[in-house]
1. Which of the residues spanning the range 149-167 are buried (at least 16 other Cβ atoms within 10 Å of the Cβ) and not hydrophobic (A, V, I, L, M, F, W, C)?
2. Can you tell me which residue in the range 48-60 is modelled with the highest pLDDT, limited to those that are within 14 Å of the chain's Cα centre (by Cα) and farther than 10 Å from residue 120 by Cβ?
3. Tally the residues that are more than 19 Å from residue 124 (Cα to Cα) and in a loop (DSSP other than H, G, I, E, B), restricting the search to the range 137-175.
4. Look through the range 129-141, keep the residues that are crowded, with 17+ Cβ neighbours inside 10 Å and of a type outside the set (Gly, Ala, Ser), and return whichever of them is modelled with the highest pLDDT.
5. Out of (1) part of a helix (DSSP H, G or I); (2) polar (S, T, N, Q); (3) modelled with pLDDT under 75, what's the single condition that is false for residue 91?
Amino acid sequence: MLFFRRFRRFRRRRPPIWGVLVLVVLWSGLLGWGLAQIQPAHSADQITQANRTLPVGDEMPANVDLGRDLYLESCATCHLAVPPEVLPTETWGILLSDSNHYGVTLSPLVNPERALIWRYIQTFSRSLNPDEQTPYRLERSRYFRILHPDVDFTEPIRMGSCVTCHPSASNFDFRTLSAEWQD
């Protein structure tokens, strides 16, 4: 009998495991709800209307700012980073998923980085028309030609040739034009 009394006391001292689990779930739910209240939600229309080609110094929505920084860190170290607007979303999707990058083998981006870069690119790039083929070069991109309506390209377009007309392109500023193109 003495053994059973000691066993009951021991059992009463230990909190039930389901009570601890309920507390953890409630705590996690409240913490998640609180964090969701801190960051304001942006609709895709608000982002695209307010923030098209933005140089690095301009203010961007928080949900794509890190993606832009990762894009510049990953791509601008080897060549001039072009704005997402100049190529369609479908081209960017292929470029981000393919390790063979125009004849150079790249180490693939890890998923969190790729997801952030993809969110940034999707926000600012545009889709192809249903009858269009996916362009893999700037000169074949309809969007590149739309953004350069009065430009007659006499030489093949290369990543480094942008600085001829956009002197601050190396700083991801494609708004600033050289003197010959300013109206």
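The values are calculated or read from the model by the stated rules, or taken from the named source; none is laboratory data. All values reported here derive from a predicted model rather than from experimental measurement. All Cβ positions, glycine included, derive from the backbone under ideal geometry; neighbour counts span all protein chains shown.
1. 166, the sole residue that qualifies.
2. 56
3. Selection size over the range 137-175: 14.
4. 135
5. Result: residue 91 passes all but (3).
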